[in-house]
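Working notes, structure below.
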Amino acid sequence: MAGVVSSTLIIAWRDIKKWIGRRAVFVVSIITPLIWIAFFGKSMNIQGIFTSRVPENLPPQLQNLMQELFNQALLNAFGTTDYFTFFAAGMLAVFSLFQSMFSGVSVIFDKRLGYMDRLLVTPTPRTAIFLGKVGATLFRLSLLEILLFAAAVALGMNLKPDLSASDLLAAWIVIMLLSLGLSSAYTTLSFYAENQEVIFAVGNLVNLPLMFTSSALFPVQQMPSWLQAIAKVNPVTYAADLVRYHLVGKPINDYLFHISILAVVSLGLFIVGLALSVRWMNNR
Amino acid sequence: MECAVEAENLVKIYPGNVKAVDNVSFCIKRGEIYSLLGPNGAGKTTTVKMLSTLLKPTSGDARVLGHSIVKEPNKVRRIIGIVPQELTSDDEMTGWDNVYIQAKLYGYSRSEAEKRTREALEFMDLLDVAKRKVSTYSGGMRRRLEIAMSLVHQPEILYMDEPTLGLDVQSRRHLWNLITQLKKEGITILLTTHYMEEAESLSDRVAIIDHGRIIAEGTPAELTSKLGGERIHLIMKSNNEAEQLANRLSELGFNVKVFNETLVVTVSNAAKTIPELAPYLSNVIEVRITRPNLEEVFLELTGRRLRDEEPIDSFRYRVMTRRLRR
Ligand SMILES: Nc1ncnc2c1ncn2[C@@H]1O[C@H](COP(=O)(O)OP(=O)(O)OP(=O)(O)O)[C@@H](O)[C@H]1O
Ligand SMILES: [Mg+2]
């Protein structure tokens, strides 16, 4: 058991050290979340669409009334009159979706350059190899999420007034859970895949649909019913809703249901992924 | 005699029905250097991968210090070190980090791992470049780093898969010296190579492997003495011409063999025989005289030369040669 922990740590440490060592990659991966939040979040100015429509020659009471109506509509849809806040919370979940993809790439390179064989001829527990790869991804993601969150707040994300440390911790756990599932899936895929193109192809196939069929960018109630059905089985929806609940205060109907779905899907992917990866390592 | 490594009827059939290793058995004695000599695609790497628990044999088994590679892979992993054919060190990290990580993977504490890292690097003459990124290393340094990485846990048995592939003569000699020193430390070594000089000068015993089968085994002296005498190679323009001359010479009572456009005459004393042959040599392009060596043993057994260079996995090969050229 002690062997698993220390081997996991050293394998993850290697990936993290390489990540930081690649100066250009490191800088780009730090800038990416900042760009995402600033450009995406601020370009989708949905309040702007409404406010600019209130005709100015109307009597002030009527103007106020219309504004009131629009705000009500926004509030119904997003749970806040401020779309950027809605979006930023969703983005924290989506970012984990995209980062998780990279955990696969390092496995493929290790395989192709023969380093994986090096690992496999040591008595390192096979589970530790999988855990190390996924662990490194979670660590990188944690750092980047903190940056992303800080940028969002700096750019005007409205946090809920009674935000507590346990809310922050809960939001972090939610994001880690989502990434645990996704990076397990990508890591497993990489053990079986021959080259990195497979990862990018699958990423392109899966990531954008997962993002758009979730509540990350847009509320589920506004979607046609068939799309709602997809959103309901999409773990990103649950992660986005949970993050939003903890950070912004948008209520959710059944907290326990949300967290259970996310946990079951993610832990399921993790356990199946671990088993399949170990199987690959032992059967060649 | 106790075997350090004993292969028993190893067979490996890759998907697509490629029989890479075909019923291979051998016994490596404790403390010796045992070489698998064979051309590209002979099955050397596949054999080493099975012995190092990376590949499961299709059938057969091997025992490493008594432990089955199939049933007790983890016990085997503790006692072997392996220098793979391709370079596996991470060129984005320092030599030190590469070896240190390896030490940690064998479960040593930080201070123990650091001590072992230093010793392994020192033994391979790499201590003074340890803190440099591996991307700045020469080809020979990278090969030595591979060995250092394989030595941190002080394995009793070391497999080296073509450790001098692609190196210049000087780096190769340096490495040969280090390998000889490893043997002096008491390490049992399995070496694969397709350089016959390497097999001849380093090994206690050699197995010649071709198409997945061991076709001869013995000390280099035993293998070459079977050929006897010296050999005169007569290189002609075509196989046709070679055949014609061969017929003529065998009528005269010479021991002659033809390989493509080369004619090989085995004699007891080449210098004294050449004048005798002179009248028949008008169409010969080149004459070469060799004492019997493993290359010729291979030629004798298979009718082919050892070295028909051709890359293995093209991606790895490119990466490897690119790194070696730097
Ligand atoms: N993964 C694989 N799948 C299918 N065939 C393979 C695989 N690896 C090797 N082979 C085939 O098995 C045979 C033996 O290959 P192997 O790599 O063991 O030879 P080798 O003696 O190490 O050659 P070299 O000197 O080129 O390294 C070759 O015919 C090769 O094409
Ligand atoms: Mg090989």
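The values are calculated or read from the model by the stated rules, or taken from the named source; none is laboratory data. The structure displayed is predicted, hence computed values, not measured ones. Ideal geometry is used to build each Cβ from the backbone, glycine not excepted, and the neighbour counts take in all protein chains shown.
So that you can scan it fast, the table gives a plain yes or no per residue for (1) at pLDDT 80 or above; (2) away from ligand 1 (no atom under 16 Å from the Cβ); (3) within 14 Å of another protein chain (Cβ to nearest Cβ):
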| residue | (1), (2), (3) |
| --- | --- |
| B:Glu251 | yes, yes, no |
| B:Val287 | yes, yes, no |
| B:Arg316 | no, no, yes |
| B:Arg326 | no, yes, no |
Report summary line: Scanning region B:228-261 residue by residue, the ones that are surrounded by fewer than 19 Cβ atoms within 10 Å (Cβ to Cβ) and touching a residue at least 60 places away in the same chain (Cβ under 8 Å) total 3
Requested in this report: Scan region B:151-164 for residues that are outside any loop (DSSP other than H, G, I, E, B) and either farther than 30 Å from B:Ser111 by Cα or within 16 Å of ligand 2 (Cβ to nearest atom) (or both) and jot them down.
Outcome: B:Tyr159, B:Met160, B:Asp161
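Being among the aliphatic types (A, V, I, L, M), within 16 Å of ligand 2 (Cβ to nearest atom) and more than 13 Å from the chain's Cα centre (by Cα) is true for just one of B:Leu182, B:Leu167, B:Leu191. Which residue is that?
Working: B:Leu182 fails: within 16 Å of ligand 2 (Cβ to nearest atom); B:Leu191 fails: more than 13 Å from the chain's Cα centre (by Cα).
That would be B:Leu167, the only listed residue that is among the aliphatic types (A, V, I, L, M), within 16 Å of ligand 2 (Cβ to nearest atom) and more than 13 Å from the chain's Cα centre (by Cα).
So that you can scan it fast, the table gives a plain yes or no per residue for (1) closer than 24 Å to A:Val4 by Cβ; (2) in contact with a Leu (Cβ under 7 Å, 6 or more places away or on another chain):
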site: A:Ala93; (1), (2): no, yes
site: A:Leu97; (1), (2): no, yes
site: A:Ser100; (1), (2): yes, yes
site: A:Pro125; (1), (2): yes, no
site: A:Ala136; (1), (2): yes, no
site: A:Leu148; (1), (2): no, yes
site: A:Leu159; (1), (2): no, yes
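Among what's in region B:42-67 and is surrounded by fewer than 17 Cβ atoms within 10 Å (Cβ to Cβ) and closer than 27 Å to B:Thr219 by Cα, pick the residue that is nearest to ligand 2 (Cβ to nearest atom). First the steps, then the outcome.
Of all residues in region B:42-67, those surrounded by fewer than 17 Cβ atoms within 10 Å (Cβ to Cβ) come to B:56, B:58-59, B:61, B:66.
Checking the rest, the ones that are also closer than 27 Å to B:Thr219 by Cα come to B:61, B:66.
Details: B:Asp61: 22, B:Gly66: 27 Å.
For region B:42-67, the residue satisfying everything is B:Asp61.
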Query - Residues located in region B:77-112, provided they are in contact (Cβ under 8 Å) with a residue 24 or more places away in the chain, of a type in the set (A, V, I, L, M, F, W, C) and facing another protein chain (nearest Cβ under 9 Å) - result: B:Ile80, B:Ile82, B:Leu87, B:Met93
Query - region B:159-204, subset among the basic types (Lys, Arg) and closer than 24 Å to B:Arg77 by Cα, residue farthest from ligand 1 (Cβ to nearest atom) - result: B:Lys184
